[in-house]
Amino acid sequence: ICPLAYVMAASRAMEKILGIEASEESNKLRKIAFYGEWIESHVLHFAFLHAPDFLGKHSIFEIAGEHPQFLRDAIAVRDWGNRAIEIVGGRPVHPVGFRVGGLHRIIKRRELEPLLKNFDEIEKMGRRLLEFVLSLPMPEVSYDMAFMSLKGEREYPILEGVVSNNLGEEFPEDDFEKHVIVEQKKYSNALHYRLRSGKPYITGPLARFNLNYGLLAPEVKSVLEESGFKPPLKNTYQSIIARAAETYHAILEIGRLIEEYREPDKAYEEAEVRAGEAAAIVEAPRGMLYHRYKIDGDGRILYANIVPPTAQNYAAMEEDILKVGDLILRKPREEAQKLVETTIRNYDPCISCSVHMIRLRIIEE
């Protein structure tokens with residue numbers, strides 16, 4: 001459900017190999033669509049899958065009667081995000097409008113104007129969604145966590161930045177593989193990633209928020225601070241706050257980018273195919289997405305390595321479950337299962353829907 005992130009990471013890596021850069025206006029369009037994907041993904045998770053956990057409910061349908069405005073706002077904002085993807089990318093699911101060097105065609109400014117027609121109302125909805133999330137009962141526990149994300153220079157990171165963590169490390173995207181350890185577990189088909197120190201790390205909204213709080217839109221920080229919130233976020237349950245804050249930020253950024261957009265003279269930058277190798281990292285809704293490619297002089301891919309954010313979070317997810325292990329054992333079976341589900345759902349893994357049916361095996365002695 002985050003195809004644009006993969007298109008952006010692959011395109012940026014190939015552009016580095018070919019020695020070209022997409023134009024400023026092309027990047028504005030990429031960001032408009034990409035922020036639309038953040039909105040679509042974040043709202044789906046925090047409103048429909050995650051919020052019920054904090055209200056003791058099993059699904060959004062159980063809270064719709066008590067909080068109808070929240071549901072209406074969530075649906076409208078998610079639809080608006082999808083519309084941004086469709087206008088720029090050609091369709092809302094697996095958009096086809098992007099290519100190496102830019103876009104396949106010049107997007108006329110008038111094509112973006114439908115997104116501004118109800119912008120004031122969408123902006124209010126984004127604010128209300130954040131306010132609602134901030135009103136949810138939130139566990140006060142504090143964890144010692146390592147975070148890693150892109151770090152922006154002047155803007156909250158989405159398309160590019162240096163890789164940073166809260167342990168004081170900072171390095172370029174091409175050096176990502178030098179700074180992580182890859183593990184293969186006997187019990188899992190999925191690779192696990194850790195920092196060189198052996199410590200698991202978290203990537204995603206929680207990491208972006210804590211490492212780039214100062215770059216959030218002033219309106220977003222105002223809502224957060226009016227509610228008494230102060231950074232940093234201290235546990236994975238609070239990831240719902242980061243997603244709601246990023247959703248409001250994404251709405252505001254789309255509005256700003258549309259106002260600044262000027263139709264370019266050409267849709268994309270031309271390039272001659274040449275051999276080379278490069279990597280790129282973008283911020284998918286769930287966290288850092290790493291792509292590395294090596295191509296030959298005919299453009300054939302000789303080597304590729306793709307590291308999705310959920311894989312990077314596996315080790316941290318497992319450690320989180322161990323942290324609540326004693327609590328799980330003291331709870332009745334149904335409550336224990338719910339606690340495990342919620343702990344995993346905090347990360348919004350790509351299996352976020354399936355964890356509603358997690359199988360928990362309890363061995364009683």
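Given the chain, what whole percent of its Cα pairs are spread farther than 41 Å? Walk me through the numbers on the way to the answer.
Details: 7732 of 66430 pairs.
When every Cα pair of the chain is considered, 12 percent fall beyond 41 Å.
Could you order peptides 240-253, 303-316, 94-107 by the average number of other Cβ atoms within 10 Å of their residues, highest first? The partial results should precede the final answer.
On the way: 240-253: 26.4, 303-316: 19.9, 94-107: 18.4.
Descending packing order for the listed peptides: 240-253, 303-316, 94-107.
Calculate one ³J(HN,Hα) per residue across the stretch 194-210 by plugging θ = phi - 60° into the Karplus curve 6.51 cos²θ - 1.76 cosθ + 1.60, and present them in order as whole Hz with x for glycine and proline.
For the stretch 194-210, the Karplus curve yields 9, 5, 4, 6, x, 7, x, 9, 10, 10, x, x, 4, 5, 4, 4, 5 Hz.
Within 10 Å, count the other beta carbons around each residue, average over each peptide in 79-85, 323-329, and list them highest first. Please list the in-between numbers first.
On the way: 79-85: 21.7, 323-329: 13.0.
Top of the packing list down: 79-85, 323-329.
Considering the chain as a Gaussian network with a 10 Å cut-off on Cα pairs, which listed residue, PHE54, PHE34, PHE46, attains the greatest mean-square fluctuation?
Its mean-square fluctuation being the largest, the pick is PHE54.
Excluding residues fewer than 8 places away in the same chain, name every one of the lysines whose C-alpha is closer than 22 Å to that of LYS57.
Straight-line reach from LYS57, under 22 Å: LYS331, LYS338.
Return the long-range amide H neighbours of GLY102 (sequence gap of 5 or more, or a different chain), with a cut-off of under 5 Å between placed amide H atoms.
The answer is GLU269.
Please name which of LEU224, ILE254, ALA47 has its Cα lying farthest along the dipole of the stretch 3-326 towards the positive end, using unit charges on Cβ (Lys, Arg +1; Asp, Glu -1) and the Cα centre as origin.
ALA47
For the stretch 151-266, what is the per residue volume of the convex hull drawn over the alpha-carbon atoms, in cubic angstrom? Don't skip to the answer; put the middle values down first.
Values: hull volume 18.6 nm³, N = 116.
Considering the Cα atoms of the stretch 151-266, their hull volume per residue is 161 Å³.
If the reach is capped at under 21 angstrom between alpha carbons, list the lysines near LYS199, excluding any in the same chain fewer than eight residues apart.
In chain and number order, the partners are LYS151, LYS178, LYS185, LYS186, LYS234, LYS323.
Can you give the charge dipole size of the chain about its Cα centre, rounded to the nearest 20 debye, using +1 on the beta carbon of Lys and Arg and -1 on the beta carbon of Asp and Glu?
Roughly 580 debye, rounded to the nearest 20.
Taken together, the values in this text are just the output of simple stated rules run on the coordinates, not laboratory data. Note that the structure is predicted; figures quoted are calculated from it, not measured. Neighbour counts run over all protein chains shown; Cβ positions are idealised from the backbone, glycine included.
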